[in-house]
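Below is one structure, written out as structure tokens; comments come after it.
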Amino acid sequence: DHVERLESINFDWTAKYVSRWLLFYQDYRGLLAEGGTMRLSAVNGGHGAGEGASTVVGGSSVRVRAGGAGGSSEVTGRRFWRQKQQVLWYTNAILPERLSMLKEAAFGFDPYRKKFREVCGVVEALQGHYKVSTMLELLVRLYDDLMVPEEGGFISSKLERSQVRQLARWMKIQLVLEEQGIEGAFSSQDRARLDSLGMLWEGLEWQMNFEALLKFRAVNGHCDVGKDHRLSAWVVNMRQNRHDLPFEYKSLLDMVGFTWEKRGAWSRMFAQLSQYHEENGHVNIERQSRNNLNNHLGAWVTNQRALWRMGKLSHGQISRLEMLGVRE
């Protein structure tokens, strides 16, 4: 039926179809051969609207079409194509044959490659401030601060939500580079640097889901995703297999106040907070302690403060929290 409809409009079966992706890929290979890089920056050479503009590619001048939308649109198209391939790659959504072709062309999958040392330095400084030793623990604390900024505003005044997500993206990209064995991705010094920052190399899929849970929690104030959420099956699996989870996974979930058993969860956690208050005289719970119960309880308090700010706590819940000294 489809064939007949195409023939009815005189479709040319002998024409060679070249996809837009392949055109950009061939353009990329050509630019590499010409100048060794695809970093593009327009140069104003004083050309007229109908003339070709000059673009610097790795130190060499390459002519691109101008006129109307001009060469700038072509450069923008190349840049967008490159960025899209990077995103598709680290989200594992790129077609296998395209991935092979990009690897063959020595495509630059890591958009942060030239800032590796700079980003590592930022991570180290943040870890020192928050007194954490791993990358994932740092992400937890950064997302905590987006929910309820810590007193003193050290981070809230410097890192926006988009910057926290960029840092999370950088971490994921390092993991994908390692998993796929991209040639030349890391030097021995780079690998040692990441090890020193507490990079967890195993469990890429789990880490992807955990970071998605951090985003959900930052917006909603809790970790109880709905049944129609893409993380629903994963969250249920965490609950059902809590006793078999690796220690690192269990500890990280405790750090975000993960609800291991939903029935009666609020009353149960409030009872634990009351006991903590009775024993210590306050509810300022140290987060990164070796006591996972305290980590879990401290995260629960953070969640309640975020829910309070969102107007999602009942008057009764607010009154009970205030009685123990919890503040919005």
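Taking segment 236-252, which residues are under 23 Å from residue 90 (Cβ atoms), open to solvent by less than 50 Å² (accessible area, probe 1.4 Å) and not aromatic (Phe, Trp, Tyr)? Residue satisfying the conditions is 252 alone.
Just to be sure, is residue 314 closer than 21 Å to residue 223 by Cβ, among the polar types (S, T, N, Q) and loosely packed, with under 13 Cβ neighbours inside 10 Å?
Working: closer than 21 Å to residue 223 by Cβ: yes; among the polar types (S, T, N, Q): yes; loosely packed, with under 13 Cβ neighbours inside 10 Å: yes.
Judged against the criteria, residue 314 is a match.
Kindly establish whether residue 93 is at pLDDT 85 or above, assigned to a loop (DSSP other than H, G, I, E, B) and within 18 Å of residue 26 (Cβ to Cβ). Answer is no for this residue.
Can you list the helices (runs of 4 or more DSSP H) lying wholly within segment 115-232 that have 2 or more residues being without any contact (Cβ under 8 Å) to a residue 12 or more places away in the chain? Talk me through it step by step, then tell me what you get.
Working: elements: 116-130, 135-147, 161-180, 188-196, 204-220.
Per the criteria, 116-130, 161-180, 188-196, 204-220.
Counting only residues that are in a loop (DSSP other than H, G, I, E, B) and at pLDDT 90 or above, segment 300-328 holds 8 of them. Taking into account only those residues within segment 280-299 that are open to solvent by 20 Å² or more (accessible area, probe 1.4 Å) and part of a helix (DSSP H, G or I), which is modelled with the lowest pLDDT? Top of the filtered list is 292. Here 265, 299 are screened, and the one residue that is more than 29 Å from residue 127 (Cα to Cα) and of a type in the set (A, V, I, L, M) is 265.
The values are calculated or read from the model by the stated rules, or taken from the named source; none is laboratory data. Please read these numbers as outputs of a predicted model, since none were measured by experiment. Note that we place each Cβ from the backbone using ideal geometry, even for glycine, and neighbour counts take in every protein chain shown. All accessible areas refer to the heavy atoms of the entire protein, side chains included, with ligands and DNA or RNA removed. Shrake-Rupley method; radii C 1.70, N 1.55, O 1.52, S 1.80 Å.
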